[in-house]
Amino acid sequence: MYFFRHDLKEKHQVNVDVPHLKYMMCLNESTLDPFQVVKHEFLDLMHNIHLNRYYSNITQELYQEIATYADVENDQIILGNGADEMLYYLFNAVRDNSNSFALSLSPSYFDYQSYCDAVGLSLKTITLLDDFSIDLDNLSLVSENPNCRLIIICNPNNPTGNLFPRDDIIRIIELNPDKLILIDETYFEFSGVTLVDLINKYANLVIIRTFSKAFSAAGLRFGYMISSKENIHEIKKVFTAFNLSILTQALALTIIRNKKIFLEYNQQIIRQREELYNFLNNIDRVQVFKSFTNFLLFRCKDYIDLFHYLKENEIAVRIVGDQGILKNCLRVSVADRKLNQVFIKAVNEFRI
Ligand SMILES: Cc1ncc(COP(=O)(O)O)c(C=O)c1O
């Protein structure tokens, strides 16, 4: 007897397969915790919060603050538990039937597959070209299929770290007016590049963002989606009522009210990214790729040995694949100077 949707039988649980070591440089989390500086404000806010109620009047303020930060109107956003939940809801909202598919790039964020699986949406991918750019011709061929319901572009892309040219993305948006184009701007604050200024121009554009990276709040699980008022109205139909806990809202409100502090802390990571890039770039056997995120992708022949050596030294990095354009590649999250030095020391020792 199988009690569930039949396609689930073949699917896997979402499983983030990383070791839990002393120095975590594998999940693109922030190693800084500016929340400690402002937590008294959160505690003050809690005086006016009543957990016996579903509704809180801080919701309105949070919507207003996020809309102002994103430079859109309140009714052009929806809030949820991390970018992941936004993906899950959006995939749910675009799936028409068992032939529906989303189209993404490869390599890109691993969990597009997980959430497509979860809602019964197939995922097809277009392999990036050797310079990590989009194969636009191939993408147009596949997206012509009327069952293609959504095109996902992670910009900057995880795990390659590059930005796609704005003109390429606009071309994709314009060539596919009948399907949604999702821009995953999880790493927006590290690149400073957004397509949000086009939200009112293109009816098929959706953007998701998160507090998990530049706002140092991965554990908070807070993210948001931006689109036209009409799209947000439709997408809301698959949301559960009161999907975002009042506690999460109070924490997110504390963070966004203090965005200046958080984003200043984040500048440290951006500076460290360049230092770490230069270090890796100076190693003959290593090829490191320019990044607009808080991680670096690098290639070295003995990547498996290096991975294990780092692991023995309590440093977790990520093996992102061993084929095609990711052959022999590792991904390391950029940390604060102190932790980056731990990584640098270990890599230097490994080289000797
Ligand atoms: C490209 C991309 N999208 C979405 C997510 C999920 O972010 P969140 O923590 O907000 O769910 C991640 C997390 O690493 C990511 O790299």
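Using the Cβ-Cβ distance between residue 245 and residue 37 with R0 set to 30 Å, the FRET efficiency works out to roughly 0.85. Only Cα pairs under 8 Å and 6+ residues apart enter the sum, and on that basis the relative contact order of the chain stands at 23 percent. Computed from phi, the 3J(HN,Hα) profile of segment 137-146 under the Karplus parametrisation 6.51, -1.76, 1.60 (θ = phi - 60°) reads 5, 5, 4, 5, 4, 6, 6, 4, 4, x Hz, with x in place of Gly and Pro. Taking one quarter of the surface of the convex hull spanned by the alpha-carbon atoms of the chain gives a direction-averaged projected area of 19.2 nm².
Extending 7 Å from Cα along the Cβ direction at residue 344 and again at residue 137 yields two label points whose distance is 4.5 nm.
Couplings for segment 249-265, taken from phi via the Karplus curve 6.51 cos²θ - 1.76 cosθ + 1.60 with θ = phi - 60°, read 4, 5, 5, 5, 5, 4, 5, 5, 5, 10, 4, 4, 4, 5, 6, 5, 4 Hz in order; Gly and Pro are left as x. With the convex hull of its Cα atoms as the shape, segment 204-352 has an orientation-averaged projected area of 11.9 nm². Straight-line reach from residue 290: taking Cα to Cα under 28 Å and skipping same-chain neighbours fewer than 8 places apart, the lysines in range are 22, 124, 213, 259, 260, 301, 311, 327, 338, 345. Sorting 307, 164 by the number of Cβ atoms found within 10 Å of their own Cβ, with the fewest placed first, yields 307, 164. A helix-only calculation puts the chain at -12000 deg cm²/dmol for mean residue ellipticity at 222 nm, using -39500 (n - 2.57) for each DSSP H run of at least four residues, averaged over all residues. Of 345, 290, the sequence from fewest to most neighbouring Cβ atoms within 10 angstrom is 345, 290.
Simple point charges give the picture: +1 on the Cβ of Lys and Arg, -1 on the Cβ of Asp and Glu, and for the chain a dipole about the Cα centre of about 580 debye.
Its residue count N sets the reference 2.2 N^0.38 Å, and the alpha-carbon radius of gyration of segment 149-257 equals 1.13 times that reference.
Per-residue extension of 0.36 nm, minus the Cα-Cα distance of residue 5 and residue 145, leaves a gain of 47.9 nm for this segment.
Coordinate-derived values only; no laboratory data. Not measured: the values here are computed from a predicted model. Please note: Cβ atoms are built from the backbone with ideal geometry, for glycine as well, and neighbour counts cover all protein chains shown.
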